[in-house]
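Here the structure is laid out as structure tokens; the discussion comes afterwards.
The values are calculated or read from the model by the stated rules, or taken from the named source; none is laboratory data. Please read these numbers as outputs of a predicted model, since none were measured by experiment. Note that each Cβ is placed from the backbone with ideal geometry, even for glycine, and that neighbours are counted across all protein chains shown.
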Amino acid sequence: DTAVSQTPKYLVTQMGNDKSIKCEQNLGHDTMYWYKQDSKKFLKIMFSYNNKELIINETVPNRFSPKSPDKAHLNLHINSLELGDSAVYFCASSQGKLEAFFGQGTRLTVV
Amino acid sequence: AQSVTQPDIHITVSEGASLELRCNYSYGATPYLFWYVQSPGQGLQLLLKYFSGDTLVQGIKGFEAEFKRSQSSFNLRKPSVHWSDAAEYFCAVGLSNFGNEKLTFGTGTRLTIIP
């Protein structure tokens, strides 16, 4: 039973399109995150939510809009995709002490 | 600002040899400390963590790490590596301040194992 699951695993799309990535966790955690991993493997936080409330927004372009319908779900919608958005996006969750559990990642390729 | 440094971008060791991956951090206080491993095409798996107490922590897959406050370091070690240990390793630190609860990652160390 997967703890943190993301869909889709791969996403190939054209510039200018809008796409969404979904994330669900069954760990009962209160906090969920989106991280971006670039082509050099560097991981950087984008957003965090605590119990459906946005806590952190790390200067991400407003084309990226997270949504948390409940504390088990955190989706990421991206408008007007650009080539530079190509990356692997990881969802994660934690419950205190920042011990984060990560999903398998979504590899987004913008062509 | 907080930062995490992994000085070694790429390390190659022989199977059966010992391993040490370095991690240094810059924080105003002692943060929570983590090591994660990422196999190709996979997500990140937690190897071990340090919150407080005993400065030598044991993790999964035979890994251990030692927190040294005086050196602001949290180096990862394994006495004998296996070919399956080939992966990318990330050190991460975090402070649990409400409103800024996040992990900051190092740039990663790629581990190659040779027979």
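If I filter the stretch A:61-101 down to residues being within 13 Å of chain B (Cβ to nearest Cβ) and part of a loop (DSSP other than H, G, I, E, B), which single residue comes out as surrounded by the fewest Cβ atoms within 10 Å (Cβ to Cβ)? Full working, then the answer.
As a first pass, look at the stretch A:61-101 and keep what is within 13 Å of chain B (Cβ to nearest Cβ): A:88-101.
With the extra rule that they be part of a loop (DSSP other than H, G, I, E, B), the set shrinks to A:95-100.
Values: A:GLN95: 14, A:GLY96: 12, A:LYS97: 14, A:LEU98: 23, A:GLU99: 17, A:ALA100: 28.
If we take residues in the stretch A:61-101 being within 13 Å of chain B (Cβ to nearest Cβ) and part of a loop (DSSP other than H, G, I, E, B), then A:GLY96 is surrounded by the fewest Cβ atoms within 10 Å (Cβ to Cβ).
Provide a single number: the residues in the stretch A:21-45 that are without any contact (Cβ under 8 Å) to a residue 24 or more places away in the chain and at negative phi. Even if it seems obvious, please write down each step before you answer.
Going through the stretch A:21-45, the residues without any contact (Cβ under 8 Å) to a residue 24 or more places away in the chain turn out to be A:40-42, A:44-45.
Add one more test, that the residue is at negative phi, and what stays is A:40, A:42, A:44-45.
Residues meeting the conditions: 4.
Can you tell me how many residues within the stretch A:9-37 are farther than 14 Å from A:ALA72 by Cβ and not hydroxyl-bearing (Ser, Thr, Tyr)?
Count: 13.
Considering only the stretch A:6-22, state which residues are part of a strand (DSSP E or B) and out of contact with any His (no Cβ under 9 Å at 6 or more places or on another chain).
Step one: of the stretch A:6-22, the residues part of a strand (DSSP E or B) are A:6-7, A:10-13, A:19-22.
The answer is A:GLN6, A:THR7, A:TYR10, A:LEU11, A:VAL12, A:THR13.
Residues in the stretch A:1-37 that are under 24 Å from B:GLY94 (Cα atoms) and within 13 Å of the chain's Cα centre (by Cα): how many?
So the answer is 13.
I want to confirm something. Restricting to the stretch A:102-111 and keeping residues that are of a type outside the set (A, V, I, L, M, F, W, C) and surrounded by fewer than 17 Cβ atoms within 10 Å (Cβ to Cβ), which single residue is nearest to the other protein chains (Cβ to nearest Cβ)?
Within the stretch A:102-111, the match that is nearest to the other protein chains (Cβ to nearest Cβ) is A:ARG107.
Taking B:THR112 as the residue in question, decide whether it is in a strand (DSSP E or B), out of contact with any helix residue (DSSP H, G or I) (no Cβ under 9 Å at 6 or more places or on another chain) and hydroxyl-bearing (Ser, Thr, Tyr).
yes
How many residues does the stretch A:43-53 hold that are loosely packed, with under 14 Cβ neighbours inside 10 Å and away from chain B (no Cβ under 11 Å)?
1
Take A:ILE78 and tell me if it is in contact with a strand residue (DSSP E or B) (Cβ under 8 Å, 6 or more places away or on another chain), farther than 20 Å from B:LEU46 by Cβ, of a type in the set (Val, Ile, Thr) and modelled with pLDDT of 95 or more.
So A:ILE78 passes the test.
Of everything in the stretch B:60-106, what is in contact with a Leu (Cβ under 8 Å, 6 or more places away or on another chain), closer than 18 Å to A:MET46 by Cα, of a type in the set (Gly, Ala, Ser) and modelled with pLDDT of 90 or more? Give them in sequence order.
Once the filter is applied, which keeps residues that are in contact with a Leu (Cβ under 8 Å, 6 or more places away or on another chain), closer than 18 Å to A:MET46 by Cα, of a type in the set (Gly, Ala, Ser) and modelled with pLDDT of 90 or more, the stretch B:60-106 yields only B:ALA92.
Starting from the stretch B:25-43, keep only residues that are under 25 Å from A:GLY105 (Cβ atoms) and within 11 Å of chain A (Cβ to nearest Cβ), then list their pairs with residues that are surrounded by fewer than 16 Cβ atoms within 10 Å (Cβ to Cβ) and among the small types (Gly, Ala, Ser) whose Cβ atoms are within a distance under 8 Å, requiring at least 6 positions of separation or different chains.
Short answer, once both residue conditions are applied: B:TYR32/B:SER96.
Taking the conditions exactly as written (touching a Gly at 6+ places or on another chain (Cβ under 7 Å) and at pLDDT below 95), does A:LYS52 satisfy them or not?
No, not satisfied.
Given the criteria in contact with a Lys or Arg (Cβ under 6 Å, 6 or more places away or on another chain) and of a type outside the set (A, V, I, L, M), does A:SER86 qualify?
Considered against the rule, which asks whether it is in contact with a Lys or Arg (Cβ under 6 Å, 6 or more places away or on another chain) and of a type outside the set (A, V, I, L, M), A:SER86 comes out as no.
Kindly provide the set of residues from the stretch B:82-115 that are surrounded by 20 or more Cβ atoms within 10 Å (Cβ to Cβ) and more than 14 Å from chain A (Cβ to nearest Cβ), ordered by number.
Correct list: B:ASP85 only.
Would you point out which residue out of B:VAL81, B:VAL57, B:VAL37 is among the aliphatic types (A, V, I, L, M) and under 14 Å from B:GLU20 (Cβ atoms)?
Going through B:VAL81, B:VAL57, B:VAL37 in turn, the sole match is B:VAL81.
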